Amino acid sequence: MSPSRCAAAVLPRPQAVVTVTTIDLKPPGPGEVLLRIEACGLCHSDLFIASLERLARTPLVLGHEGIGRIEAVGPGVSDWIPGDRAGVTFLGTTCGSCEWCLSGRRRFCPEQTNFGYTLAGALAEYTVAPAAGLVRVPADLPAAVAAPLCCAGWTARGALREAGLQPGQSVALFGLGGLGHLALEIARLQGLRVAAVDVSEEKIEFARARGAEIALSGPDPGRVLQKEQGGVDAAIVFTAAASAVSQAFRSLRPNGTLVLVGLSRSQYELPLVETVTRGIAIRGSYLGTRQDLEETFRLLGAGAVRPFVHTHELAETPALLDQMRCGGLMGRAVILF
Ligand SMILES: [Zn+2]
Ligand SMILES: [Zn+2]
C-alpha cells in the first residue's frame, strides 16, 4: 500500500520561510517510482533556491541530497525494482539527445529537470520521482554519510577535476563547509597540497586536523598565500560570499585557475590586467560527470573519504537552514528519516 500523505520540508512560495508540513502523495505514474527517503542533506543551494524571486513550482519540496529505497514502480519502469537503493541529486531528467547529453555532460542539457527545484525534492519521508532522474547507490553505504555525496561530494570532485591539477600541485579551498571539507579529503587523495580558507576559526581548526597544509582565517588570505607560498595553482570558491572570489583570484600563481562553485545572486569584479598578463583561467563548475559521482561513492565505500555529518529530525530543518545562512554549521547537516 502506497502512503497517500507524508511529512516534508516545503517552500510555500518564492522567498518564503521553509516549513515542515504534510503533503499529498500520488501513486507513481508512468516512468515514475515511489521512493522512501532514508536521509537527505541540507545544501546551501536550498537557501539559494528559496531566495529566488520566481520558481516554476510552489509549494516546493526542497532537497537534492537524498538516499532512499524504491518502494513501488509505476507503469513502464523496467530498470528499478522495489528494494533498490537510489540517490536523488540536483540533476533530474535530461533530453538524452542533445550534444551535452550525448557527450557525458548531461548537466548542461537545456531540457534538464532538477530535484528540489523544478521537481519535488528529497526532504520528505517519501517522494514520487521520475525513474530516469535517479542514480544507483551501493546498497551497503550508510545513508547518513552517503547523502552528502549526492551534491556536496559530487560537486567537490567535479570542481577539482575542472581545476586540472597534477599531484604535487597546490589548491586553495575557499569555504570549508559541506563542499569544502569533502574537497579537502578528495584533494589530499589526489596528492595535492591544500590550503584551506574560511572566516570561521572552528572550520579552520577542523581543516587543519583533516590534513590541510595551510589553514587561514585572517584578513586578506589571498595576499598571505601569494606572499608566503608564492601563490597556488588553483583556487576553488565554495562559499557563496562574493568577497571570497577576489581573495581567491589574488591567491593564484601565474597561469592559475580560478574555479567558481558557490552560488549567490551577486556580481563579481576582477582586475582585467592581471587576468590577462598572469594568464589566469576562470571557470564555473556545476555538479560533475556521472563518473565523478560513482567515484565519490567508491571512495566512501573504501573509507577514503569521511563526510563529517550531524544528523537531525525533519522538524529541525527550518532552524538548521537559518544556522546555515549564518555559516554556523560544521560539515553537513543531514536529515535522517
Ligand atoms: Zn546542493
Ligand atoms: Zn539533453
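The values are calculated or read from the model by the stated rules, or taken from the named source; none is laboratory data. As the structure is a computational prediction, the values presented were derived from the model and not from experiment. Every residue, glycine among them, receives a Cβ derived from its backbone with ideal geometry; neighbour counts consider all protein chains shown. Heavy atoms of the whole protein, side chains included, go into the accessibility calculation; ligands, DNA and RNA do not. Shrake-Rupley method; radii C 1.70, N 1.55, O 1.52, S 1.80 Å.
Of note:
- Qualifying residue in region 121-135 (condition: in contact (Cβ under 8 Å) with a residue 60 or more places away in the chain, assigned to a loop (DSSP other than H, G, I, E, B), within 16 Å of ligand 1 (Cβ to nearest atom) and of a type in the set (D, E, K, R)): no
- Of the criteria (1) small (Gly, Ala, Ser); (2) open to solvent by less than 40 Å² (accessible area, probe 1.4 Å); (3) modelled with pLDDT of 95 or more, which one ALA315 fails: (2)
- Among the residues of region 277-291, the one identified as in a strand (DSSP E or B) and open to solvent by 80 Å² or more (accessible area, probe 1.4 Å) is ARG283.
- Subset of region 229-244 that is touching a Lys or Arg at 6+ places or on another chain (Cβ under 7 Å) and not charged (D, E, K, R) - its residue that is farthest from LEU192 (Cα to Cα): GLY230
- Scanning region 114-132 turns up one or more residues that are of a type in the set (Phe, Trp, Tyr) and within 20 Å of THR311 (Cα to Cα).
- Pairs with Cβ under 6 Å, 6+ apart, first in region 96-113 and within 6 Å of ligand 2 (Cβ to nearest atom), second in a helix (DSSP H, G or I): TRP100/PHE108; CYS109/TRP100; CYS109/CYS101
- Any hit, region 195-210, residues being in a helix (DSSP H, G or I), among the basic types (Lys, Arg) and surrounded by fewer than 20 Cβ atoms within 10 Å (Cβ to Cβ): yes
- From the list LEU149, LEU225, the lone residue that is open to solvent by less than 10 Å² (accessible area, probe 1.4 Å), assigned to a helix (DSSP H, G or I) and closer than 30 Å to GLY29 by Cβ is LEU149.
- Sole residue being on the phi > 0 side of the Ramachandran plot and either surrounded by fewer than 20 Cβ atoms within 10 Å (Cβ to Cβ) or in the same structural domain as ALA144 (by TED's automatic domain parsing) (or both), chosen from GLY92, GLY87, GLY31: GLY31
- The test for being assigned to a strand (DSSP E or B) and not assigned by TED's automatic domain parsing to the domain that holds GLY164 does not hold for THR296.
- Count of residues meeting criterion [surrounded by fewer than 18 Cβ atoms within 10 Å (Cβ to Cβ) and in a loop (DSSP other than H, G, I, E, B)] in region 37-64: 8
- For ALA304, the conditions (1) within 25 Å of LEU42 (Cα to Cα); (2) open to solvent by less than 30 Å² (accessible area, probe 1.4 Å); (3) not acidic (Asp, Glu) all hold with the exception of (2).
- Scanning region 241-276 for residues that are part of a helix (DSSP H, G or I) and surrounded by 14 or more Cβ atoms within 10 Å (Cβ to Cβ) yields a count of 9.
- Selection count where residues are buried (at least 23 other Cβ atoms within 10 Å of the Cβ) and either on the phi > 0 side of the Ramachandran plot or touching a Ser or Thr at 6+ places or on another chain (Cβ under 6 Å) (or both), scope region 166-194: 4
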